[in-house]
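Worksheet: the structure to be examined is printed underneath.
The values are calculated or read from the model by the stated rules, or taken from the named source; none is laboratory data. Note that the structure is a prediction, hence the values are computed from the model and not measured. Cβ sites come from the backbone with ideal geometry, for glycine too, and all protein chains shown count toward neighbours.
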Amino acid sequence: MPPILEYKELKKYFTIGYRGLLKREPITVKAVDGVSFAIHKGEIFGLVGESGSGKSTVAYTTIGMYRPTSGVIEFQGESLFTREGKRPRHIKKEIQIVFQDPGSSLNPRRSVKEILELPLSIHQPAKKHIGRVAELLEMVELPVDYMYKYPQALSGGEKQIVAIARALATEPSFIILDEPTSALDVSIQGKIINLLLRLRQEFHLSYLFITHDLSLMRNVASRVAIMYLGKICEVAEASEFFRNPKHPYTQMLLSSIPVVSEEEEALKPKRVQSRGEIPSPVNIPSGCSFHLRCPYKMDICPRVDPQMVDTGSGHLVRCHLYPAQTENHPAGEQVIT
Amino acid sequence: MTEVTGSWASGLQGEAGHVALADWQELQRRSRRENIGRAWYKFSRNPLSVAGLVIVLTIVLLAVLAPYVTPYPHHAGPFTDFANAKLPPNPRYLFGTDTIGRDILTRVIFGFQDALLMGIVVLALVVPPGVLLGLVAGYNQGTWIDTVIMRITDIFLAVPPLILALAIASVLKPNLMNSMMAVSLMWWPWYTRLVYGLTSQLRNEYFVKSAETLGASKAHILFREILPNCVSPIFTKMSLDMGWVILIGSALSFVGLGVQPPKPGLGTMVADGARYLPDQWWIPVFPALGIVVIVLGFNLLGDGLRDLLAAEEV
C-alpha cells in the first residue's frame, strides 16, 4: 500500500542574519536537514526530539507555512509544493494541524462558532454551517452550547479540544499534532489522547504526532522516529523501538525517562548517562552531529556523517555502530530485551 | 462519519433543532450581557474613569441640546446688549457677560459644539486610513510594502500638526474646515504606528497561521482575525486623542485660524478675553475652564479604557 505522506530528503534552512561587513555571508539554521520517512494510512507516526531538533519545522513545512529549501513531501503521490506556490484546495482540506499552544491557536475575539465556521466557509461556501458546527462539537464531546463561548471562557484543555474540532471540520484524512498535550495538565492530557485515538478510529485518520514525551509515544504511536539537529536518527515500530533501541541517542533518551516503580526501571534499557545539551543548529557539529554527546564515539564519527541503515524489519538506524549489512553489534547487546 | 452526520442533520431539521437554536441565541445574548456587565464592573471600580465618562456624556448632551438648555440661545450669534456688557458673574448671568453683553455660559456651551465636531471629524478622517495602512504594513512586515508605508508614515510624523495647520490656514481660508483637514493630515500616522505594532505581533499568533493554512483570504485575516484584537487599543487612543485634537483646535481658534466669529469658539473666546485680564477675568477664564474640562474628561475616560484593557489581558 502506498504511504499517505512521504518525505523525501526534506530540507529547510532559515537565514537568520548575515556575517561579515564586506562579503556578506548568510548565517543559516539547518532546521531540517535531509529527512526521509513515510507515513502509512491509519498510522500514528511519532516524531520525537528535543527542543530545537526541527520537529515543528517538519510540521509547519507539511502544513504549508514554510516552503522547503529542497526535497519533496508527497501526499498520496501528489507533491505538496507545486511550482506556482499555491497549494491546491483539495490538499489543504486533507491535511490539518493542531498547534501546541491552545491559548494562541484560537482567536480570543471570535466565538467557538465563528472559529469552527471558518474552515467550513472556506471549503464548503454557500451553506448553512450551524448544524455542522454543532456536529463537530458533538464529535469532540463538548456541549453544543459552547458555540457562543469565547476562548477566554474555556479551559486550556477545552481550547485544545476546540482546536481539534477545527482540524476535523474539513474532514481531513491526515492530521499533524504538534505537541498537542504538552501545554496541558496531566489529567487532561489523557482525556485529549483518548479523544484523538477515538477520532482516528471513527474517521480513519492518520496522525503525525510530534512530541518530546517518549513515554506518551509508547502508548500511542505505531511507529516512532527520533530527530536530532534536523536529522532522523532512528525509525522503528513502537514496540521494537522501546524494547530494542539501537541508536545511542535513543538509548540515552529512553534511559532518562523518569519512572516510579522497580518493575518499570527493569523494563528500561541500561542506564546511558545523559550528558551535554543539544548544540545550536547554527553550528552543527561535523560528521555525525551526535558525536559530542555519544558514549560510543569512535574515530570515524567526527569525520563522516553515517548513512541510514535498515537493521531488519524496517528498523532504521543512522549510526556508525551499525555499518550496512551488519547486525548484532556489541552496542545492541547492552540493551535489555 | 455518515451515521453521525445523519443523526444530527435529522435532529436539526426536526422541531427539537429549532428549539435548540433559539436556546443558543438566548445563550449568546446572556453571555454578551455577562461580558458587558463584567467590563462595566471593572470600569466602575475606578472613580476617575467614571468621572471622565460622566464629564464626556454631560458635555455631549449639553452640546447637542444647547439651543434648549442654555439661558440665552440667541447670544450664540451676532447679538449685542451694551447695557449688560462686562457684567461679572451674577444670578442672571452665571458666568458673566462679555464685552458686548452676551452670556458667557451660553457661549461656552455652544462652543462645545465646534470643539466636539472638530474632534469627531478629525478622528473620523484619520482612524480608517491610519488603521488600514497599519494593518497592511504590519501584516507584510519585512517586505517592500512595509518599508514604503512606514517610511511615508515617518515623514508625516516629522511635521508638527500645529505648524502645518498654520501653514495651510495661511494659504487657504482660515476656517474650521481647513484646520480640521490640516490636523487630520498629520494625525493618521499615529494610528498606523499603533496598529502596525499590534499587527506585526498578532500575525505570528497561531490563530492567524491557522487561518492562513486553512486558505482564508487576506481580507478575512486582516479584518476578521487581526483587527478585532486591535479594537480596544484603538478606542483607547481615540478617546485620549479627542482631548488632544480639541486642544489643538482651541489653539488654532486662539490664533484666529479655527472657529470664526461670531460663532463661539472656546479658543477664540479665550483669545479675545485675554486682554481684559485681570479686571474682567471671567471673560477668558470660563471658556478656558471649558477647554480644561472637556480635555480632562476625554483623558480620564481614555485612561479608564486603557486600565480596563490592561485588566482584561491578565
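Among the residues of segment A:152-165, which ones are free of Cβ contacts under 8 Å to residues at least 60 places away in the same chain and at the interface with another protein chain (Cβ under 9 Å from one of its Cβ atoms)?
Passing the criteria: A:Q152, A:A153.
Inside segment A:97-116, can you point out the residues that are at the interface with chain B (Cβ under 7 Å from one of its Cβ atoms) and within 23 Å of the chain's Cα centre (by Cα)?
A:I97, A:F99, A:D101, A:S104, A:S105, A:L106
Report yes if A:P119 is outside any helix (DSSP H, G or I), within 12 Å of another protein chain (Cβ to nearest Cβ) and not acidic (D, E), otherwise no.
Answer is no for this residue.
Consider A:R67 against the criteria (1) surrounded by fewer than 16 Cβ atoms within 10 Å (Cβ to Cβ); (2) within 14 Å of chain B (Cβ to nearest Cβ); (3) part of a strand (DSSP E or B): it satisfies all of them except one. Which criterion is unmet?
Looking at each condition in turn, A:R67 falls short on (3).
Which is under 30 Å from A:Q96 (Cα atoms) and either out of contact with any Gly (no Cβ under 9 Å at 6 or more places or on another chain) or among the hydroxyl-bearing types (S, T, Y) (or both), of B:T143, B:T147, B:T192, B:T153?
Being under 30 Å from A:Q96 (Cα atoms) and either out of contact with any Gly (no Cβ under 9 Å at 6 or more places or on another chain) or among the hydroxyl-bearing types (S, T, Y) (or both) holds for just one of B:T143, B:T147, B:T192, B:T153, which is B:T143.
Go over the candidates B:I246, B:I234 one by one and state the one that is touching a residue at least 12 places away in the same chain (Cβ under 8 Å) and within 14 Å of chain A (Cβ to nearest Cβ).
B:I234
Can you find a residue in segment A:75-93 that is outside any loop (DSSP other than H, G, I, E, B), within 12 Å of chain B (Cβ to nearest Cβ) and either modelled with pLDDT of 90 or more or in contact with a helix residue (DSSP H, G or I) (Cβ under 6 Å, 6 or more places away or on another chain) (or both)?
Yes, because at least one residue in segment A:75-93 is outside any loop (DSSP other than H, G, I, E, B), within 12 Å of chain B (Cβ to nearest Cβ) and either modelled with pLDDT of 90 or more or in contact with a helix residue (DSSP H, G or I) (Cβ under 6 Å, 6 or more places away or on another chain) (or both).
Name the one entry in A:E171, A:E179 that is facing another protein chain (nearest Cβ under 8 Å) and on the phi > 0 side of the Ramachandran plot.
From the options A:E171, A:E179, the qualifying one is A:E171.
Applying the selection to segment B:188-229, what residues are of a type in the set (F, W, Y) and in contact with a Phe, Trp or Tyr (Cβ under 8 Å, 6 or more places away or on another chain)?
Correct list: B:W188, B:Y206.
Within segment B:216-231, take every residue that is among the small types (G, A, S) and within 9 Å of another protein chain (Cβ to nearest Cβ) and give me the one that is surrounded by the most Cβ atoms within 10 Å (Cβ to Cβ).
B:A216
Within the group A:L253, A:L216, A:L292, which residue is touching a Leu at 6+ places or on another chain (Cβ under 7 Å) and of a type in the set (A, V, I, L, M, F, W, C)?
A:L253
Which helices (runs of 4 or more DSSP H) does segment A:197-294 wholly contain that include 1 or more residues that are surrounded by 18 or more Cβ atoms within 10 Å (Cβ to Cβ), touching a strand residue (DSSP E or B) at 6+ places or on another chain (Cβ under 6 Å) and polar (S, T, N, Q)?
Those helices (runs of 4 or more DSSP H) span A:248-255.
Residues of segment A:1-27 being over 20 Å from A:V72 (Cβ atoms) and either in contact with a Pro (Cβ under 7 Å, 6 or more places away or on another chain) or part of a strand (DSSP E or B) (or both), which ones?
Across segment A:1-27, the qualifying residues are A:T15, A:I16, A:G17, A:Y18, A:R19, A:E25, A:P26, A:I27.
Take the conditions touching an Asp or Glu at 6+ places or on another chain (Cβ under 6 Å) and at pLDDT 90 or above and apply them to B:A219. Does it pass?
When the stated conditions are applied, B:A219 does not pass them.
If A:E158 passes every condition in (1) in contact with a strand residue (DSSP E or B) (Cβ under 8 Å, 6 or more places away or on another chain); (2) of a type outside the set (F, W, Y); (3) surrounded by 16 or more Cβ atoms within 10 Å (Cβ to Cβ) but one, which one does it miss?
(1)
Can you tell me which residue among B:D154, B:D146 is within 30 Å of A:Y60 (Cα to Cα), more than 14 Å from chain A (Cβ to nearest Cβ) and of a type in the set (D, E, K, R)?
Of B:D154, B:D146, the one residue that is within 30 Å of A:Y60 (Cα to Cα), more than 14 Å from chain A (Cβ to nearest Cβ) and of a type in the set (D, E, K, R) is B:D146.
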